[in-house]
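Structure record follows, encoded as structure tokens.
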Amino acid sequence: MISASSMKPLTPYCVIKDSSDKTFTKGNIIWKSENGDINSVTGNGFLPCLDQDEASNDFECVDAPDWTVTKINNGYSNHEICQKVKGNSV
């Protein structure tokens, strides 16, 4: 199991234990940005690193190998996309 502090940037994870405040719940697909923000595919948003606290970061997760995170630089801005790997049914 992986904790919020052990997450590697740009790596997709699946939450297996809710955070105390329910910011992240079981089944959420999440990833950490290089700046420390935690993003959620399921929640369709992110929690800035400055807003994270013990109640939001006490979730547990595991690697989500059926998902991939891609960093995109279009010359104007950087952003990240998390998508299900094609060909996987999960």
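The values are calculated or read from the model by the stated rules, or taken from the named source; none is laboratory data. As the structure is a prediction and not an experimental result, all values here were calculated from the model. All Cβ positions, glycine included, derive from the backbone under ideal geometry; neighbour counts span all protein chains shown.
Mind checking which residues of region 1-59 are among the small types (Gly, Ala, Ser) and closer than 17 Å to HIS79 by Cβ? Matches in region 1-59: SER33, GLY36, SER40, GLY43, GLY45.
One residue alone among ASN35, ASN44, ASN73, ASN88 is modelled with pLDDT under 95, at positive phi and either surrounded by 12 or more Cβ atoms within 10 Å (Cβ to Cβ) or out of contact with any Lys or Arg (no Cβ under 9 Å at 6 or more places or on another chain) (or both), and that residue is ASN44. Of all residues in region 68-90, those that are more than 20 Å from ASN39 (Cα to Cα) have Cβ atoms under 9 Å from Cβ atoms of residues that are outside any loop (DSSP other than H, G, I, E, B) and at pLDDT 90 or above, 6 or more apart or on another chain, in ASN88/TRP67.
Yes/no per residue for (1) of a type in the set (A, V, I, L, M); (2) within 18 Å of SER5 (Cβ to Cβ):
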| residue | (1), (2) |
| --- | --- |
| GLY45 | no, no |
| CYS49 | no, yes |
| GLN52 | no, yes |
| PHE59 | no, yes |
| VAL62 | yes, yes |
| VAL69 | yes, no |
| ASN73 | no, no |
| TYR76 | no, no |
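Restricting to region 7-23, give me the number of residues that are surrounded by 15 or more Cβ atoms within 10 Å (Cβ to Cβ) and touching a Ser or Thr at 6+ places or on another chain (Cβ under 7 Å). Of the residues in region 7-23, 5 are surrounded by 15 or more Cβ atoms within 10 Å (Cβ to Cβ) and touching a Ser or Thr at 6+ places or on another chain (Cβ under 7 Å). Checked against (1) among the small types (Gly, Ala, Ser); (2) in a loop (DSSP other than H, G, I, E, B); (3) touching a residue at least 24 places away in the same chain (Cβ under 8 Å), SER5 passes all but a single condition, namely (2).
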